[in-house]
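One structure below.
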Amino acid sequence: QVQLVESGGGVVQAGGSLRLSCAASGSIFRVEDMGWYRQAPGKQRDLVASITSGGRTNYAESVKGRFTISRDNAKNTVSLQMNSLKPEDAAVYYCHAEISREVGAFAYGYFGQGTQVTVSS
């Protein structure tokens, strides 16, 4: 069994900052790419940022320059520092990780349960 547990969501005023964290635990051999997705009401779930095990990052255009993704490979954690938050950043944020559970096994994608981010104008 694999679990991704997020923390750090909440309510913040526009222009403020939040930091989201996510820890992967359970039967894990190797964690490949990790990332964050978000889903606003009535919209699809979109990628916000991702990071490879080697530290290469990728960001959605809408968050470039404001959000920073980082990870700790030894702890199987990923974080998202969100600065200069805008009302349009409000959504449920989901941690995602591609995890292989044993040597030679295919890496499957897992999502956390989500954490709400609310940005007041």
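The values are calculated or read from the model by the stated rules, or taken from the named source; none is laboratory data. What you are looking at is a predicted structure, and each value in this text was computed from that prediction instead of being measured. Positions of Cβ are generated from backbone atoms using ideal geometry, with glycine treated the same way; all protein chains shown enter the neighbour counts. Heavy atoms of the whole protein, side chains included, go into the accessibility calculation; ligands, DNA and RNA do not. Shrake-Rupley method; radii C 1.70, N 1.55, O 1.52, S 1.80 Å.
In whole percent, how big is the carbon plus sulfur part of the accessible area of the chain, probe 1.4 Å, protein atoms only? Could you put the intermediate results ahead of the total?
Working: 2990 of 6470 Å².
C and S atoms contribute 46 percent here.
Annotation: average projected area of the chain is 7.2 square nanometres, based on the convex hull of Cα atoms across all directions.
Summing +1 for each Lys or Arg and -1 for each Asp or Glu among the other residues whose beta-carbon sits under 9 angstrom from that of Val78 gives 0.
Given a 1.4 Å probe, how much area per residue of the chain is accessible, in Å²? Don't jump to the answer; show the numbers that get you there.
Details: 6470 Å² over 121 residues.
Ligands and nucleic acids excluded, the figure is 53 Å² per residue.
Summing Lys and Arg as +1 and Asp and Glu as -1 over all other residues whose Cβ lies under 10 Å from the Cβ of Ser100 gives a net charge of -1. Taking amide H as placed 1.01 Å from N in the peptide plane, the amide H of Val48 sits under 5 Å from that of Trp36, Tyr37, Arg38, each at least 5 places away or on another chain.
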